[in-house]
Structure formats: structure tokens, C-alpha cells
Amino acid sequence: MTGKTFFILVLLVSVVSWAQPEQENIGRTEILKWQYGKATAISITYDGGTINQFRVALPIMNDLGFPATFFIVTGDITGSQYKGKFIGRPVEEIIRETVTVPLNEDNFFERATAVRFLGYEDTPAHHTRAGDFFELGKFGEAYSEIDAAYMKVRRGEYKPLKEPYDNETVDVSWVELKKIAAQEQGHEFASHSISHLQFAICDDANMKYELEKSKEELLNQLGPQHTFSHECPYGSENKRVMRYALATYPALRNRMPEAFLEELNRWNKMDPGASAKEYVQWQRGPRTNTSLEQMISWVDTSLAHDNIWLLLVFHGIDGIGYQPKTGKEIKDYFTYMKSKEDKIWVATFQDVTKYIRERMNGKINSSKQGAIIKVELTHTLDPELYDLPLTLKTYVPSEWRSVRVKQGVTIQHLRVSSDEGGPFVLYQAVPNVKPVELLKGDT
């Protein structure tokens, strides 16, 4: 064999070995980790429904085309049917009983809940502090806080409220929220309870009222698409609370049950890039003194890994609300995110949750039938609730320069891209409906 002949044979073997995997890949389809093939997902969320979230932050997001999730305390909204109240015995009866019956594990939850609704100026603060102690496992301190509240009420040390409690920082009505929800910006409204109680120290009846009636209010005012998500106040991760809340709402920003999801709350200092799980929900809560540089570093860290979902939690804006950021700060921050839009999927808490659940429970069945590649996309979740389109990647024949993707009456005309696996197209498909058909395009 001459040297020239040997060179030609080697070249032919190389061409065949390169082309064979490409031919084998035709029709191979996968669900991409993030919508539109982006590198990461970011959800912008707001807690409490304070007025400047709508007067200042909302227009900024609308100008940039970013959707947000607003976790609202429904009882604070003007025009609400359900307001904060104590479900149970008359509170006067409970106050009298504290004289003769010591606080114990049998009556703690009832008294700890009722203290929020005794009708005195300072008793709600005892409820808040007791809840903080309880969440930290400091049960003795929690009990002492509740005992002190009732003792001071009995001694007449607290002034009665002249008027029912009104959160002055929330100056928004359901009429305004309906207008926002009706726009095509894609914002999500979600539950943050009726009256922002410490659920970990609430009795069952009052916790269920706060969870269920807040959901009912959202359903009646805005429709079922705004009843998917909930955040238990104060970021509670109490197991009893999570059990009740997950029985009422499909998704919680506090905790979710998926084993594939690493959840790092706002106080967690773990490096999100150290997790080997399929997805990492990395919550960060910008505070008044959080620098723009630090906030930008969160975005950059998310872009450096393929599994991080950055979940931002804002409260106050322009001096109104807890730990407020300025309008300029959030505009500069969101503008930076906009500059990376080719790599970042900015979506609501609901949409990211649905996407990752659908993907992790999804199944692809693809085949080549003559000149058509057929792809069936299904998942095992409730199809009435989980109907978000997913981004699919399908490898196509090398002679295809463009592709016509058809699912039902929806048709997408797409250009072909290539990677080490061969030519492919990215496209959107709705699960659990008609199969997708891919055909060679006209050009």
C-alpha cells in the first residue's frame, strides 16, 4: 500500500466516523435545562405589596420587559373581603383564663395567635418576637414573650387601639391590581397570607384561615392563574407550617419537596456553585446597605453555572417598607440584567417552578417517519395546571438549512444551528397535547 493510498483510507475512515454519530443523532431530542436555551433563570419577587413596589419598581420593570412576582398580604389591600381576625373563642375569655391557667404546650398556639388580635397597640410586637424565638428553637423565650404580653394587658399597661389596624405602607386597591394583572407584562400576584402572622406559633384553625382565605381572595379578585404561589411570612421553614401550606398551594417560596432542588434561603451562606443537584434555588434579599456590586455578583455567579435559579426578594422601595432600596438602585441593577438578556431567562416564580417540574417529570418520544421527525412531549403532572411550553432541542438531517415546526395549529419557522452532535433546532412545545412535527423548511 502506497503512502497516498493509506492517506486516502485514513481520510475516508475519519469522514465516516465523524458522519456516523451525526446520522445517529437525527431526531434525538432533549428538554433544555432553562427556557429558550438560556444559561440561568432569575425571578424578581416583592414582599408585602407596599405602595412603591407599584409606583416606582413596576414602571421600571415594564420599561425593561421584566415580569415580577408580587407576594401580597391580601388583607391589607383596599376592597378585600377577608381581613385579619382571630378564629376561635372570644379573646376576652382567653385573657381571663391566663390568670388561673398557666401557659403550656396545650394552649400555647391559641394564646400566641390571639395575642396578635387583642386590640392593643403593643401586643402584635409580642407575637412577632415570640415567632422569631420559636423558629430559632428558643421555646422558653417564646413562652415568656407571650406570658409577658398577657400580663401587661391584665395590668392595663397597654393602650387600646382606637381604630382597627391599618397598614399605611400598603396604599393600593384591588381595582389597581386588576388593571396591572390584565396587562400583557406577565406579572404574577401571589399570596403572602391575610395578615402576615408568624405561622409557626399559630394554631391550626388560624393558619388555615390565613392560607385558604388569602387564596380565595386572589381567586375571586384576579383569577386562578394567581393562586399558584405562596410565601409564608418571615420566611418560615417550620415543618408543620410547610405541611399545611403545601396542601393549599402548589408552590412555596419557603420550601418545596423536590429532591432535585437545592434550596438556599436568604440567610444561607453556602456557595451555590458547590451543589451537585440538578437545580439550585439561590435566594438573595437585597437590603438597604447591599451594594450594587454585590447584587451584580449574584447575577455573574448564576451565569457561571448552569443549574442556578437566582431568586431575588425585595421589600421596601424609596423609603417605604422594610430595608428599602432606591428606585435608582433597582433601575441600575435591572439594566445590568437586561444587558445579559441573551443568557438570562427572567421569569416569575410560578413560571420557573412550572418549567423545572415539567422538565424533571417530562418524557420525550421521537422518531423519524419518512421526511418528518415526530416528537411527543408528555409529563406526569396535572396537565390542567402544568401547561407551560418547554424548550426542546432536536437534531435534524445535515441537508436541512431551515425547519418548519408544527404542533397543532402553531407553526414555527426556524434556522438550523450546529454543535458537536450535528445540526439542530431549538423550539417551544406544549406538553401533553398534540405531537410536534419537524419538516425540512423551504430554504
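The values are calculated or read from the model by the stated rules, or taken from the named source; none is laboratory data. This is a predicted model, so every value here is computed, not measured. Backbone-built Cβ (ideal geometry, glycine too); neighbour counts: all protein chains shown.
Check the range 111-133 and report whether any residue there is over 29 Å from the mean Cα position of the chain (by Cα) and in contact (Cβ under 8 Å) with a residue 60 or more places away in the chain.
yes
Select from the range 375-399 the residues that are assigned to a loop (DSSP other than H, G, I, E, B), farther than 15 Å from Pro431 by Cβ and either touching a residue at least 60 places away in the same chain (Cβ under 8 Å) or not assigned by TED's automatic domain parsing to the domain that holds Gly362 (or both) and list them in ascending order.
Of everything in the range 375-399, those that are assigned to a loop (DSSP other than H, G, I, E, B), farther than 15 Å from Pro431 by Cβ and either touching a residue at least 60 places away in the same chain (Cβ under 8 Å) or not assigned by TED's automatic domain parsing to the domain that holds Gly362 (or both) turn out to be Val396, Pro397, Ser398.
If you take the residues of the range 72-97 that are among the hydroxyl-bearing types (Ser, Thr, Tyr) and out of contact with any Lys or Arg (no Cβ under 7 Å at 6 or more places or on another chain), which of them is surrounded by the most Cβ atoms within 10 Å (Cβ to Cβ)?
The extreme case among them is Thr74.
Quick one: how many residues across the range 329-363 are assigned to a helix (DSSP H, G or I) and within 16 Å of Phe260 (Cβ to Cβ)?
Residues flagged as assigned to a helix (DSSP H, G or I) and within 16 Å of Phe260 (Cβ to Cβ) within the range 329-363 amount to 9.
Just name the residue that is nearest to Ser193 (Cα to Cα) out of those in the range 98-110 that are of a type in the set (A, V, I, L, M, F, W, C) and surrounded by 11 or more Cβ atoms within 10 Å (Cβ to Cβ).
Among them, the one singled out is Phe109.
Report the residue count in the range 384-411 for those that are touching a helix residue (DSSP H, G or I) at 6+ places or on another chain (Cβ under 6 Å) and of a type outside the set (A, V, I, L, M).
Selection size over the range 384-411: 3.
Taking into account only those residues within the range 242-286 that are charged (D, E, K, R) and free of Cβ contacts under 8 Å to residues at least 12 places away in the same chain, which is surrounded by the fewest Cβ atoms within 10 Å (Cβ to Cβ)?
Going through the qualifying residues, I end up with Lys269.
Starting from the range 134-158, take each residue that is small (Gly, Ala, Ser) and list its partners that are exposed (fewer than 12 other Cβ atoms within 10 Å of the Cβ), counting only C-beta distances under 7 angstrom and pairs at least six apart or across chains.
Cβ pairs passing all conditions: none.
How many residues does the range 288-318 hold that are surrounded by 15 or more Cβ atoms within 10 Å (Cβ to Cβ) and not in a helix (DSSP H, G or I)?
Residues meeting the conditions: 14.
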